[in-house]
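Step one of this worksheet: look at the structure below.
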Amino acid sequence: MGGHLNINHLMFLGQGALWTIGLSLVALIGGGIVGFVIALARISPLKSVRIASAVYVQLIQGTPLLVILFLGYFGLAAIGLKVSPLAAAGASLTLYVAAYLGEIWRGCIQSVPKPQWEAAEGLALSRTQRMTKVILPQAIRIATPPTVGFMVQIIKNTSLASVVGFVELMRSGQIVNNSLFEPFAIYAIIAVTYFAMCYPLSLFSQRLEQRMGRGRSNLAPA
Amino acid sequence: MQQIPAASEPIVSLRDVKKSFGSLLVLDGVSFAVQRGEVLALIGRSGSGKSTALRCIDRFEKVDGGEIVVCGHRVDRPDVNLRALRQDVGIVFQSYNLFPHLTIEQNITLAPCAVKGVATAQAKDLARKVLAQVGLEEKLHAYPEQLSGGQQQRAAIARSLAMQPKVMLFDEVTSALDPELTAEVLKVIEQLAADGMTMVMVTHEMGFAKGIADRIVFMHRGKVHETGPASILTSPTTPELTQFVGTGNLKS
């Protein structure tokens, strides 16, 4: 084909960018829900639940995302499940994000000082009430900056989904480049687009951290 | 199923309670009892086991042996109903432990609403009442971080009172406060004692213990070493208590 970069190419890249956002949302929402369960499982009163969730986290954290994506795509096909690239990438990223967010959030829950648990216990609140009314509201404040920071990682990591044929921003760039052979210009556009998606979140994360830092000194008992 | 203890039956009783942390024996056969309306002060050096003994009453520590009965609950048994126990027992900590994300009013109404199912409007009335008791009505809508240490501790006492406990435990509640703030918290506790509240307190304020306690339990190396009326602080019989009250613990 050849030719010059035109509006159609840009539209195609724009579509890819939308799929990147879509896949990021699937990964964050799916991973957020599963990750919340993982976080609670990691501090469960039941030892077997704690161990099972810890094994899950270690397995995922010790495996490259690229491998998880291949396993999701080819592995599910091997056991007879025909899945679309979107479903495979969404499921793989969900498992990946869940392990990391679960671990981040476990740390945040446990960083709420132990006396807060005891005070809630002393007031006869049930475990669920202690969690929902006392611990989680405080943990969420602590968890917000690292969670937003991790979102940036996820948006960038969705580019790996291009290897299973999912046409997101990275893959659409490859396709455009295959017809234009202008790799530098095209990958520069792609880089700028990723940056434009990630930078606002990074900025937001920094601002949250600053606000948290200010709040924390106020929270220390006199 | 749980009957109100008869006048002679103690509200809190510990019998031969043993507790170890690892190889460290912290409670070595501790026994004492608290009658209704009585104020008992647990005193002793750091590490003598007095705080552990107090925490065992509300089962923040599980005991290894012995018997603890609190308002009819067998606290030493594994099947004790913890939520029922803790509705009967109020506990106030050294570090206040107010919930920083909630206003003082919300701190107070949380447990009555969540545990006892008190209606919101009623719980708010209750919050005003208990805050008046500790002299903090005007702080209803403040957040804990906006209060001084003494005010936070009084708010924590109010939060505990809102559950209408049968006995209150105080774990070194003035240790983090300067003398002036200590005085305002102690005044609140004195008023509670005057109102007939049953209380067990771990304290380093010997002058206060002498003034308010009906009975003193002096702990030494995990054992009840000497016990008796407040007068034992001025005329101790054991050399350990003599040394303890003589080593600057009697604050002027």
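Tabulated data for the structure shown
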{"read-out": "Alpha-carbon centroid distance for the pair segment B:220-248 / segment B:7-26, whole angstrom", "value": "19"}
{"read-out": "Footprinting exposure proxy for A:Met11, A:Met197 (fewest neighbouring C-beta atoms within 10 Å first)", "value": "A:Met11, A:Met197"}
{"read-out": "Computed label-point distance, nm, for sites A:Ser202 and B:Leu140 using a 7 Å Cα→Cβ extension", "value": "4.9"}
{"read-out": "Average partner coverage of B:108-120, which counts Cβ from other chains inside 10 Å", "value": "3"}
{"read-out": "Relative packing of peptides B:124-132, A:83-91, B:16-24 - highest average C-beta neighbours within 10 Å first", "value": "A:83-91, B:124-132, B:16-24"}
{"read-out": "Residue mean of other protein chain beta carbons inside 10 Å, B:88-97", "value": "4"}
{"read-out": "Per-q log10 I(q)/I(0), chain A, q = 0.10, 0.15, 0.18, 0.19 Å⁻¹ (Debye; single scatterer per alpha-carbon; no solvent)", "value": "-0.57, -1.03, -1.27, -1.34"}
{"read-out": "Share, in percent, of DSSP beta bridges within the protein assembly as shown that are antiparallel, nearest 5", "value": "55"}
{"read-out": "Acute angle (nearest 10 degrees) that the helix A:47-61 long axis makes with the longest principal axis of chain A, alpha-carbon atoms", "value": "30"}
{"read-out": "Shielding of A:33-42 by partner chains, average beta-carbon count, 10 Å", "value": "0"}
{"read-out": "Candidates B:Glu61, B:Glu180, B:Glu38: whichever shows maximal mean-square fluctuation once chain B is modelled as a Gaussian network with Cα springs under 10 Å", "value": "B:Glu180"}
{"read-out": "Mean projected area in nm² (Cα convex hull; one quarter of hull surface) for chain B", "value": "13.9"}
{"read-out": "Dipole of segment A:26-211, positive end: most advanced residue of A:Val49, A:Gly80, A:Gln174 [Cβ charges, Cα centre]", "value": "A:Val49"}
{"read-out": "Cα centre as origin, Lys/Arg/Asp/Glu Cβ charges: the protein assembly as shown dipole, Debye", "value": "720"}
{"read-out": "Where labels lie 7 Å past Cα in the beta-carbon direction, separation of B:Ser148 and A:Leu71 in nm", "value": "6.0"}
{"read-out": "Estimated inter-spin distance, A:Val83 and A:Ser126, nm [label 7 Å along Cα→Cβ]", "value": "3.5"}
{"read-out": "Considering only chain B, percent of DSSP beta bridges that pair antiparallel, nearest 5", "value": "55"}
{"read-out": "Label-reachable residues, segment B:127-160, where backbone N falls under 18 Å from a point 7 Å from B:Ala194's Cα toward its Cβ", "value": "B:130-137, B:154, B:158"}
{"read-out": "Scaled radius of gyration (Cα, divided by 2.2 N^0.38 Å) that the protein assembly as shown gives", "value": "1.31"}
{"read-out": "Dipole moment magnitude, nearest 20 debye, segment A:26-211 about Cα centre, only Lys, Arg, Asp, Glu C-beta charged", "value": "560"}
{"read-out": "Order by protection proxy (mean Cβ within 10 Å, highest first), peptides A:53-59, A:129-135", "value": "A:129-135, A:53-59"}
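We did not get these values from a lab; they are worked out from the coordinates using the rules stated. All of these numbers come straight from a predicted model, not from anything done at the bench. Please note: Cβ atoms are built from the backbone with ideal geometry, for glycine as well, and neighbour counts cover all protein chains shown.
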